[in-house]
Amino acid sequence: MRIVLLGGAGYLGTVATRHLTDLGHHVTVVDGLIYQRGDNPARLLPTASAFVNADLRDPDALRRAATGADAVVHLGGLVGEPACVLDETLAVELNYASPVLAAEAARAAGVEHYVFFSSCSVYGSHQGTVDEDTAPNPLGIYARTKVLAERTLAGLMDGHALSVLRLATVHGRSPRQRLDSVANRMTAQAIATGRIPLNGGGQRRPLVHVGDVAGVLAQVLTTPGGHRIFNVGADRENYTIAEIARTVEKAVPGTRIDAGPERDEADARDYRTSFARLAATFPGACPTTLAQGVREVANAVEAKELDDPDLPEYDNLVGLKNSLADGRIRALRSEDCTRLHADYANVPRSER
Ligand SMILES: NC(=O)c1ccc[n+]([C@@H]2O[C@H](COP(=O)([O-])OP(=O)(O)OC[C@H]3O[C@@H](n4cnc5c(N)ncnc54)[C@H](O)[C@@H]3O)[C@@H](O)[C@H]2O)c1
């Protein structure tokens, strides 16, 4: 199968590329390497069939990439609220305009299947257990752009196969390592300082291993069908932030949790997620536990496979600030982006 991974040089994409090429697929990665990290595609993506350095908001580049592909997967964009609030216009262009432009290009090129990487963050805060039929409750720009993209793509891909993957928060080892998501960050902190700062920690959050996401993507790609939404993770991998800290504490001997009060600016996301649909469709999906992912990252830091975990290259937010400061990335305000920005602006405040 000929697969195009848009944003495939990132944390998830580099793992997915390896997995898909191991299965014999032809994988073209399109990525603009938007973070200032000195990324070397040959090192990050040694098995990729092709690499194209392009901006995922460029309709011509998207059209060229989609031509001849069996499936286009969008996993580019800005991840998480702190990155999105730095520049809301840029966030809308990367997280909403880009996936829509890519779907338009895929449709025009006759691509059979489009896969969009969304997030369980769309659920925001919810008392009970959320599943794919629960109404989204986006709490910020990141989740709003994901919800709007999901809705627009559903209309756009009418009559074509569309799969939306709402991922839990990802942990584990990747060639393009991120240490800025909750479990990886706590693990790196535990090894570097022997301490895990924990403020409050009652919010519930589902987690999933990066390799399991790649496995789910491979299964979804080989069984396309209609319009589908999957929460990606496993029921037993729902944790509170405090439970994540305790898992890290156990996996890294000699570590202590420094517990403090909840901070005012705390991330308000809080939900328990059902992954029953994924488990019923792909039995055995997402078998890796949080403890296994934590150990994997801890081993890499201890073995010095990862340099100083405090380096900015492991933190997308720092990378984005650097890229914005030196003009490597900016809001384009192109005609296409402006057209799509209007969709975002038209979402009623109450639904944002
Ligand atoms: N990592 C997580 O915990 C997590 C959780 C839920 C959902 N997701 C979703 O999964 C997807 C991948 O996440 P990730 O952690 O691999 O992110 P990442 O930041 O590591 O990778 C994204 C890649 O996209 C590229 N990119 C972004 N905008 C671009 C543009 N306009 N032009 C060219 N390249 C561009 C970046 O250079 C980067 O290599 C995202 O859509 C994210 O929202 C991730």
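Can you tell me the relative contact order of the chain? Whole percent, Cα pairs under 8 Å, sequence separation 6 or more. Mind dumping the intermediate values first?
Details: 711 pairs, mean separation 70.4, N = 352.
So the answer I get is 20 percent.
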Which Cα, out of Ile257, Ala106, Ala154, lies furthest along the positive dipole direction of the chain (beta carbon charges, K/R +1, D/E -1)? Ile257
Can you list the lysines whose alpha carbon is less than 22 Å from that of Lys146, not counting same-chain residues fewer than 8 positions off? Lys321
Residue of Asp315, Asp267, Asp326 that the Gaussian network model of the chain assigns the largest fluctuation, springs spanning Cα pairs under 10 Å: Asp326
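Let me have the 222 nm mean residue ellipticity of the chain computed from DSSP H runs of 4+ only, each contributing -39500 (n - 2.57), with the sum over all residues rounded to the nearest 500. Walk me through the numbers on the way to the answer.
Numbers: 14 runs with 139 residues, N = 352.
Here the helix-only value at 222 nm equals -11500 deg cm²/dmol.
Give, in whole angstrom and from largest to smallest, the semi-axes √(5λ) of the equivalent ellipsoid of the range 262-317, with λ running over the eigenvalues of the Cα gyration tensor. The partial results should precede the final answer.
Values: eigenvalues 165, 96, 21 Å².
One finds semi-axes of 29, 22, 10 Å for the range 262-317.
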In whole Å, what are the extents of the range 218-298 along the principal axes defined by its C-alpha atoms, from largest to smallest? 48, 30, 17
Please report, in Å, the Rg and the Dmax of the range 174-268, where both are computed over Cα atoms only. 16.1, 50
Rg and Dmax [Cα atoms of the range 18-129; Å; Rg one decimal, Dmax integer]: 15.5, 46
With no solvent and one point on each alpha carbon, what is the Debye value of log10 I(q)/I(0) for the chain at q = 0.08, 0.10, 0.12 Å⁻¹? -0.35, -0.57, -0.84
Step through the residues of the range 231-239 one at a time and calculate ³J(HN,Hα) from phi using the Karplus curve (6.51 cos²θ - 1.76 cosθ + 1.60, θ = phi - 60°), rounding each to whole Hz and writing x for Gly and Pro. 6, 10, x, 9, 3, 6, 9, 8, 9
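Taking Rh as the Kirkwood radius, which is the inverse of the mean 1/r over Cα pairs, what is the Rg/Rh value for the range 109-257? Walk me through the intermediate numbers first.
On the way: Rg = 17.3 Å, Rh = 16.9 Å.
On the Cα set of the range 109-257, Rg over Rh gives 1.02.
Given C-alpha coordinates of the range 222-352, what is the ratio Rg to Rh with the Kirkwood estimate of Rh? Intermediate values should be presented prior to the final figure.
Working: Rg = 20.5 Å, Rh = 19.8 Å.
Expressed as Rg/Rh, it is 1.04.
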Would you work out which of Leu44, Ala65, Asn95 lies farthest towards the positive end of the dipole of the range 15-146? Charges go on Cβ: Lys and Arg +1, Asp and Glu -1. Leu44
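How large is the convex hull of the C-alpha atoms of the range 71-171 per residue, in Å³? Provide the component values of the computation, followed by the final result.
On the way: hull volume 10.0 nm³, N = 101.
Hull volume over Cα atoms, normalised by residue count, gives 99 Å³.
None of the figures in this text is laboratory data; all of them are computed from the coordinates on show. Being a predicted model, the structure only gives us computed values, none of them experimental. Every residue, glycine as well, gets a Cβ built from its backbone with ideal geometry; the counts of neighbours run over all protein chains shown.
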